[in-house]
Amino acid sequence: MHTTMRKAGLAFLAATLTFAGTWYGVTRPASAEVVAPLNGTQLVADMGAGWNLGNTLEANNNGIPSETAWGNPAATQALIDRVRDSGFKTIRIPVSYLGHIGAAPDYTINTAWLNRIQQVVDYAHSRGLYVLINMHGDGYKSVAGSWLICDAADQTTIRDKYQKVWQQVATRFQAYNDHLIFESMNENFDGQYGNPTQPCYSNINAYNQIFVDTVRRTGGVNASRWLLVPGWNTNIDHTVGSGFVIPTDQYRSSTIPAAEQRLMISVHYYDPWDFTGTEDGTITQWGANATNPAKKSVWGQEDFMDGQLKKMRDTFVNRGYPVFVGEYGSIDKTSYDSTNNRYRADYARALVATAKKYGAATAYWDNGWNGQHGFGLFNRSSATVTQQGIIDAIMSAIGTQPSSSPTASPSTSPSASTSPSASASPSASTGTGGCRVTSAVNAWNSGLTNSITITNTGATAINGWSLSFTLPAGQTIVSGWSAGYSPTSGTVIATNASYNGALAPGGSTTIGYQATHTGNAGAPTAAKLNGTTCN
């Protein structure tokens, strides 16, 4: 997202400033060894709910990227911890380079800017989150200093510059594990919202191909890393048709199974715009629960959403290419209609649930602005939640329970141990009348991943849990997600994270870990939940 209309609230502030002057809480090493390769279906499931650190590293002042140029504070570890503790497992970090790119022929990226990008990536990556970084504002005609312009005359220079910038970025992050994903660009198009034009679309396809080839040739983990590519303006209709070409992936690692892909397809979803983004009080309600027909758009409801995402499944997911809805959301119109947040939550819930249904991951667009016309879910200065209802809707759709304490102070920095900073101790007053634990092991030569689903089969709710289980001899946990694990071999105790400690009767949660093994890749045994033996 970029256009002035879509900055939703921060646009005015930005202009004023211009004219006035998965394992939550456990540090994962950057190396390839700690994350097992996942196929497309596994990847989407593991990415969970996503969130955008919007209007931050893509912000700029007269073409010079500046993190605070559009009124947001600098990103902090505390903010990322709050996002993680709210249940999000993926963070998309839009990035602009613009005036921080040097002159030809090297097009060297400003070292301080690249260092800051890496630092913000580390805030999330070190917590075991998936992280996506892209090239965001460089392709907008409306941005001073933009240059990745698909209908510009000198495409030879553009392609050379694009290749050299991505080569530097890919080299900087070459050793980071597969929880880091690169996205080639953002909403690249010719600036008009009609049908795609040529040769503009052919140039977008060429940019994507250069991106894939460049990243792969830098080697290391980049040879097998998941890469994300968009079609025309990340528009669904113009991606499933109208001339989009999936890049070839000829330089990918030979270790990737021949039948699997390592490319993802990027789209955004803001339909109907009169509800999600138009800054007035005409349309403030959405979906089947709307109570005032005059406040509800005449199009873009649940059936339309379902049809659009089904197209993505039929065109890409069914061929092994995961889909990432990298932006969605709706602005705050409660100043016009006090019930608006209810429909914003309905919209988010429906989008995430529908995407999950059709094999797509999602990331909510948060521009940091709270109040009228803002997309914000968090107060970035205090690292607290501002829209718990929308977060709850997202987590209910993805199947994750967020923290029940949205204004609590952020978790402290975790160490490399297996004890999660956000975990809650099991409630001494709550037992379990029954439980079921199932494992889904995916093993390779000397390693494995295991997804453990815990189900409360008792008649009373569980508020805080610990799960003990015994690993086969020779297995050692090296990383995990959604729980803390201690010790890392033998009989292990997994303790809930802050967002998944409550299990209603019949409720379930899924946790997991990666482990090494010396030949026995079996599932753990002797599972007990809060001391009760599970089936």
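The values are calculated or read from the model by the stated rules, or taken from the named source; none is laboratory data. What you see is a predicted model; the values in this text were computed from it and never measured. Neighbour counts run over all protein chains shown; Cβ positions are idealised from the backbone, glycine included. When the accessible area is computed, the model is the full protein with side chains, heavy atoms only, and any ligands, DNA or RNA have been set aside. Shrake-Rupley method; radii C 1.70, N 1.55, O 1.52, S 1.80 Å.
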Check your understanding: Roughly how many Å² of Lys310 are accessible to a 1.4 Å probe, to the nearest 10?
Key -> 80
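Set the Förster distance to 51 Å, then compute FRET efficiency between Thr41 and Val298 from the Cβ-Cβ distance, nearest 0.05.
0.90
Loop-only check: which chymotrypsin sites (Phe, Trp or Tyr not before Pro) in region 162-226 are DSSP coil with at most 14 other Cβ within 10 angstrom?
The qualifying sites are Tyr193.
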Point to revise | Fraction of antiparallel bridges per DSSP, the chain only, in percent to nearest 5 | key: 60
**Study point:** 3J(HN,Hα) from dihedral phi, region 128-145, Karplus parametrisation 6.51/-1.76/1.60, rounded to Hz, x for glycine, proline
**Key:** x, 7, 6, 10, 10, 10, 9, 10, 9, x, 5, x, 9, 4, 6, 9, 4, x
Exercise for review: Evaluate the charge dipole of region 168-235 about its Cα centre and quote only its size in Debye, nearest 20, assuming +1 on the Cβ of each Lys and Arg and -1 on the Cβ of each Asp and Glu.
Suggested key: 260
Point to revise | the chain - mean residue ellipticity at 222 nm from DSSP helices (-39,500 (n - 2.57) per run, n ≥ 4, rounded to 500) | key: -7500 deg cm²/dmol
Revision key, fill the gap. The long-range amide H neighbours of Asn367, using H built 1.01 Å from N in the peptide plane and a cut-off of under 5 Å, are Phe375, Gly376
Check your understanding: In the full protein assembly as shown, how much of Glu260 is accessible to a 1.4 Å probe, in Å² to the nearest 10?
Key -> 50
Review point. Cross-link partners among lysines for Lys295, C-alpha distance below 21 Å, same-chain residues fewer than 8 apart left out?
Key: Lys333
**Study point:** Set of lysines near Lys161 by C-alpha distance (under 23 Å), chain-local residues within fewer than 8 positions excluded
**Key:** Lys141
**Study point:** Nearest-10 value in Å² for the accessible area of Lys296, using the 1.4 Å probe
**Key:** 60
Check your understanding: How large is ³J(HN,Hα), in whole Hz, for each residue of region 97-111 in order, when computed from phi with the Karplus curve 6.51 cos²θ - 1.76 cosθ + 1.60 and θ = phi - 60°, using x for Gly and Pro?
Key -> 10, 6, x, 8, 9, x, 7, 5, x, 8, 6, 6, 6, 3, 4
Review point. How high is the relative contact order of region 48-188, in percent, with contacts defined as C-alpha pairs under 8 Å that are six or more residues apart?
Key: 25
Point to revise | Residue-by-residue Karplus 3J(HN,Hα) for region 231-248, coefficients 6.51, -1.76, 1.60, Hz, glycine and proline x | key: x, 4, 6, 6, 8, 4, 4, 8, 9, 6, x, 6, x, 5, 10, 5, x, 6
Study note, to complete from the structure: Carbon/sulfur accessible area of the chain, % of total, 1.4 Å probe, equals 52
